[in-house]
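Working notes for the structure below.
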Amino acid sequence: MQGFLIEGVDRLKGEIRTGGAKNAALPIIAACLLIDGELSLHDCPGFSDVYSSVRILSCLGCKCVFSGGVLTADCRVLKSDHIPDRLMRLMRSSSLYLGACIGRLGSCTLS
């Protein structure tokens, strides 16, 4: 286990801001499909898998903007239940969209 040993006479105070974790963000982004409305996710990391997730949401019909670590998605209108093979191959966790798509639309087509 890692830790810090801090010695001194002055009391510590302040804040530490932690970044978002990719492995936590990806299932949350997939779950956006279950929301019939607009939402914002803050502290999303700028990794390629997050950008691929935004492309998948957009392909399904969500209107997405990802800027400055904030993903805004409007998933009121979904136009498709099909995720193209080219998008599925971008990341291993793309299968997360199977359950969310079935939950919202009742069906899902993917490679």
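Only the coordinates and a few stated rules stand behind these numbers; no lab work does. The model shown is predicted, which means the values in this text are computed figures rather than measured ones. A quick note on method: Cβ atoms are made from the backbone with ideal geometry, for glycine too, and the neighbour counts reach across all protein chains shown.
Quick one: if you stick a label point 7 Å off each Cα along the C-beta vector at Asp36 and Arg11, how many nm between them? With each label point 7 Å from Cα toward Cβ, the separation is 5.2 nm. Taking a straight Cα-Cα cut-off under 19 Å and skipping sequence neighbours fewer than 8 places away in the same chain, the lysines within cross-link reach of Lys63 are Lys79. Considering all C-alpha pairs of the chain, those separated by over 26 Å amount to 28%.
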